[in-house]
Amino acid sequence: AAVAELFVCGRRALGGRRKIRILRSWMASLQRQDSSARDDAPSAKKCRKLLPSLKTKKPQDLVLVIGTGVSAAVAPQVPALKSWKGLIQALLDAANDFDLLEEEENKRFQKSLREDKNLVHVAHDLIQKLSPRTSNVRSTFFKDCLYEVFDDLESKMDDVGKHLLQSVLKLMENGTLVLTTNFDNLVEIYGAHQGTQLESLDLTDEKKVLEWAQEKRRLSVLHIHGVYTNPSGIVLHPLGYQNVLRNTEVMREIQKLYENKAFVFLGCGRTVEDTTFQSLFLEAVRNKSDLEHFMLVRRDDVDEFKKLRENMLDKGIKVISYGDNYYDLPEYLERLTNTICSLGRQGESNVDNRYKNGPLTANSQGQRMETDEAIKLGR
């Protein structure tokens, strides 16, 4: 009986060990499967690094240039915001809705759009058609068509677009100047929602343009083609703003900005080729080799991106990829804005700490200048 009992106990022990081995083997198999699944899963998205020469700028060192790409991202349901072609088509549709064009005239404009003729000339001809023959008459159908095209923009802004404008507004509030080639006032609308009143400027007001260039109107957006809320200020050709071009003081201040600050082109496909932009900023700049500007673009086509980067670098503009998709831009700009604004605040804090002991005397100023020089020399 004792031998039989011992035999049974042995079998039980062997069975227990076998179960343990099976259990361990099963757990190891599960771990291998889990590891394999992790390897097959898409890797976490890697954020684009911020370029050192850009992220070390202060907000007041920058001029932000906003193009159609930003407006199209903010209100993607409005075709007129996506391109010149979209805008002209929307104006044509509005003019036809109001019975302002004869059938033959409409066909002629539509043909010009299809053939991709000079869109600025097409827009100019359409504006002329919708405007009075004499310039001293304020009444114009063009104004009605503009208001129809840009009606209720506020309700058409989406959350991704607001995320983008949040960074734009933060930069402005910290000293960055903003100009745009767009006719819409989406930046100003967003600012008002956040409790910040932004002013829309156009080139018809030389005094305000001068003050903007002198950084006295930082909470103003300069619309170099005009803004739809002031149709008389819309210009599509340098002849439309001869008052500014002939004002040497205004032009000198505007061009000093391009020579001394870093322009950041945002949503700008061909802004550098824009005749208005060239007349204001590029034509009088002599030492283009000394410039350092930046253009944020989507890197979807590698060859096109490489070609653009090479062409722009010759003009003193560094082309930077913010990502492969449009939706990468808000996150990239937010990181860039936070970095730049934090550096700006550190700089102000350092200045405050240096001079908090009262006004400079001749003696203390000399001592501080000596200290500054010692710091520069590493002593």
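How many Å² of accessible area per residue for the range 148-302, probe 1.4 Å? Walk me through the numbers on the way to the answer.
Numbers: 6650 Å² over 155 residues.
I get 43 Å² per residue for the range 148-302.
Counting other Cβ atoms within 10 Å, keep those with at most 10, restrict to DSSP loop, and tell me which GluC sites (Glu not before Pro) in the range 79-111 are left. Please list the in-between numbers first.
Working: sites: Glu102, Glu103, Glu104, Glu105; in loops: Glu102.
Here the GluC sites (Glu not before Pro) that fit, given the DSSP loop and packing criteria, are Glu102.
Treat every Asp and Glu Cβ in the range 141-247 as -1 and every Lys and Arg Cβ as +1, leave all other atoms uncharged, and give the resulting dipole magnitude about the Cα centre to the nearest 20 debye.
Details: 10 positive and 16 negative charges, 100 e Å.
Dipole size: approximately 480 debye.
Checking the table Lys85/Lys307; Lys58/Lys156; Lys85/Lys143; Lys85/Lys306; Lys82/Lys216; Lys156/Lys256 against a 29 Å threshold on Cα-Cα, which pairs fail? Present the calculation step by step, with values, prior to reporting the outcome.
Values: Lys85/Lys307 24 Å; Lys58/Lys156 32 Å; Lys85/Lys143 19 Å; Lys85/Lys306 26 Å; Lys82/Lys216 31 Å; Lys156/Lys256 37 Å.
Where the Cα-Cα span goes over 29 Å, the pairs concerned are Lys58/Lys156; Lys82/Lys216; Lys156/Lys256.
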Q. Protein chains only, probe 1.4 Å: how do Ile234, Ile254 rank by accessible area, largest first?
A. Ile234, Ile254
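Charges at C-beta only: +1 for Lys and Arg, -1 for Asp and Glu. How large is the resulting dipole of the range 159-218 about its Cα centre, in Debye rounded to 20?
Details: 7 positive and 10 negative charges, 40 e Å.
For this selection, approximately 200 debye.
Keeping the other protein chains in place, figure out the carbon and sulfur percent of the accessible area of the range 98-189, with a 1.4 Å probe.
Working: 2270 of 5200 Å².
About 44 percent, which is the carbon plus sulfur part of the accessible surface.
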(Q) For a quick check: with amide H placed at 1.01 Å from N, whose amide H comes under 5 Å from Ile320's, ignoring anything fewer than 5 positions away on the same chain? (A) Met295, Leu296, Val297
Q) What are the ³J(HN,Hα) values, in whole Hz, obtained from phi via the Karplus relation 6.51 cos²θ - 1.76 cosθ + 1.60 with θ = phi - 60°, for each residue of the range 260-274 in sequence order, with x given for Gly and Pro? A) 10, 10, 9, 7, 10, 8, 10, x, 10, x, 10, 4, 5, 8, 5
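Can you pull out the trypsin sites (Lys or Arg not before Pro) in the range 274-340 that DSSP calls coil and that have at most 16 other Cβ atoms within 10 Å? Don't skip to the answer; put the middle values down first.
Details: sites: Arg286, Lys288, Arg298, Arg299, Lys306, Lys307, Arg309, Lys315, Lys318, Arg335; in loops: Arg286, Arg299, Lys315.
Answer in residue order: Arg286, Lys315.
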Q) Quick one: how many Å² of Val319 are accessible to a 1.4 Å probe, rounded to 10? A) 10 Å²
Q: Determine how large the accessible area of Leu87 is when every protein chain is in place; take a 1.4 Å probe and give Å² rounded to the nearest 10.
A: 10 Å²
Q. Could you give me the ³J(HN,Hα) list for the range 66-75, computed from phi with Karplus coefficients 6.51, -1.76, 1.60 and θ = phi - 60°, whole Hz, x at Gly and Pro?
A. 9, x, 4, x, 6, 4, 5, 6, 6, 10
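The values are calculated or read from the model by the stated rules, or taken from the named source; none is laboratory data. This one's a predicted model, so the numbers in the text were calculated from it and none came from an experiment. Neighbour counts run over all protein chains shown; Cβ positions are idealised from the backbone, glycine included. Please note that ligands, DNA and RNA were not included when accessible areas were found on the heavy atoms of the full protein model with its side chains. Shrake-Rupley method; radii C 1.70, N 1.55, O 1.52, S 1.80 Å.
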